[in-house]
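Data block below; observations after.
The values are calculated or read from the model by the stated rules, or taken from the named source; none is laboratory data. Everything numeric here is computed off the predicted structure, so don't read it as measured data. When we count neighbours, we look across all protein chains shown, and the Cβ atoms used for this are built from the backbone with ideal geometry, even at glycine.
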Amino acid sequence: MRNGDSNFQQPRRKFLQDSGAIAGSLLLPLAACAQNSKEGSPSLVPPGYKLTFEDDFIDSDVSRINENATGGKPGAPAWRSRYRHARSEIINSEKQIYVDAAYTGLGTEPLGIQPFSIADGILTIRAERTPPALVTKALGKAYTSGCITTELTHWQTYGYFEMHARLPRGKGFWPAFWLLPKRLTWPPEIDILEGSGAKPRSIHVGLLDQSIKTATTGIWVDDTIDTTDGFHTYAAEWTHEKIVFLVDGKQIFQVAPHGIHEDMYLLANLALGSKDAGWIPDPDDSTPFPGKFEIDYIRAYSKA
């Protein structure tokens, strides 16, 4: 519940039983398509689409990532730096708090923790151990990290959504690229990518959809790529009839039919830990901090 709205629920992302029974398909193995820089990273958008949203992170001004998504400009859009609910409302029993440079926590001055940096055309979302002196002000959370969303700047119904990124390796890291509804409700949810630093050769894709009997359908795809060895392209094509999930231009899963037919916005975040160690284990002494979720670009397209 938020602001008394009985239709609002916090997104859980995945703790229901996954099911691949609805028109799922796998194409394995994928060709090795990792790229280590912006050079040689063409879009794999299907024909017939036009660009509706783009951030190539050429503009290094990270001040456009903030609480209210202000300060953007053409080619360098603003991003909101938190979920739509308060930062203090932690979902999935995750162990981090999402911050930005202006976040004060329980204090009156900014904590001085900046999880975002842009250099050489790459946005890095950095997960760190919270400095001991700041843990209390950071609501007792042992870790800080970052989240970016287009909740206040861009949303659309249907389209092709694409991210070119390198994921962090290490126990506890949970990077994701996903879509949520613009209206204050949940589900639905489309998970274009969920990674696990503990399983760098596996990715999860799928959706939460109340029109489907099992409510959630998705799949872990194993031994296709190493998500940490370079930059890979993670994408979904969402039409009225079906939702197709792709990695490096290759289809790995499909859901059809589905019941998601409303405006959705984009999110990318780096969580740490969860309430299910079998899903995402918590960080421990073996976790190699800082964790770095490196994003070359995020783009959205609609039918021309």
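Here are the numbers for the structure shown:
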{"read-out": "Given (1) modelled with pLDDT under 95; (2) within 26 Å of GLU94 (Cβ to Cβ), number of the condition ASP223 does not satisfy", "value": "(2)"}
{"read-out": "Cβ-Cβ under 6 Å pairs, at least 6 apart or on other chains, region 180-191 side among the β-branched types (Val, Ile, Thr), far side surrounded by 21 or more Cβ atoms within 10 Å (Cβ to Cβ)", "value": "ILE190/LEU179; ILE190/LEU207"}
{"read-out": "Of the criteria (1) in a loop (DSSP other than H, G, I, E, B); (2) touching a strand residue (DSSP E or B) at 6+ places or on another chain (Cβ under 7 Å), which one THR124 fails", "value": "(1)"}
{"read-out": "Test for THR136: is it of a type in the set (S, T, N, Q), free of Cβ contacts under 8 Å to residues at least 24 places away in the same chain and surrounded by fewer than 23 Cβ atoms within 10 Å (Cβ to Cβ)", "value": "no"}
{"read-out": "Scope region 253-276; condition more than 15 Å from the chain's Cα centre (by Cα), crowded, with 21+ Cβ neighbours inside 10 Å and assigned to a strand (DSSP E or B); matching residues", "value": "PHE253, VAL255"}
{"read-out": "Residue count for region 223-271, restricted to those that are more than 19 Å from TYR301 (Cα to Cα) and out of contact with any strand residue (DSSP E or B) (no Cβ under 6 Å at 6 or more places or on another chain)", "value": "8"}
{"read-out": "Candidates SER88, SER63 - the one that is in a helix (DSSP H, G or I) and over 17 Å from the mean Cα position of the chain (by Cα)", "value": "SER63"}
{"read-out": "Looking only at region 46-76, and only at residues there that are surrounded by 19 or more Cβ atoms within 10 Å (Cβ to Cβ) and touching a Phe, Trp or Tyr at 6+ places or on another chain (Cβ under 7 Å), the one that is nearest to THR185 (Cα to Cα)", "value": "ALA69"}
{"read-out": "Those residues of region 87-133 which are surrounded by fewer than 20 Cβ atoms within 10 Å (Cβ to Cβ), of a type in the set (Ser, Thr, Tyr), more than 22 Å from PHE231 (Cα to Cα) and without any contact (Cβ under 8 Å) to a residue 60 or more places away in the chain, in sequence order", "value": "SER88, THR104, THR108"}
{"read-out": "Evaluation of PHE293 against (1) over 29 Å from THR130 (Cβ atoms); (2) within 18 Å of the chain's Cα centre (by Cα); (3) at pLDDT 95 or above (one fails), failing number", "value": "(1)"}
{"read-out": "Residues of region 48-72 satisfying the condition of being charged (D, E, K, R) and within 17 Å of THR149 (Cα to Cα)", "value": "GLU54, ASP55, ASP56, ASP61, ARG64, GLU67"}
{"read-out": "Strands (runs of 3 or more DSSP E) completely within region 191-245 that count 1 or more residues being within 22 Å of SER286 (Cβ to Cβ) and in contact with a Phe, Trp or Tyr (Cβ under 6 Å, 6 or more places away or on another chain)", "value": "202-208"}
{"read-out": "Subset of region 150-178 (residues that are aliphatic (A, V, I, L, M), in a loop (DSSP other than H, G, I, E, B) and surrounded by 21 or more Cβ atoms within 10 Å (Cβ to Cβ))", "value": "LEU167"}
{"read-out": "Residue in region 105-117 that is of a type in the set (S, T, N, Q) and part of a loop (DSSP other than H, G, I, E, B) present", "value": "yes"}
{"read-out": "Of the criteria (1) of a type outside the set (Phe, Trp, Tyr); (2) under 30 Å from LYS275 (Cβ atoms); (3) modelled with pLDDT under 95, which one ARG80 fails", "value": "(3)"}
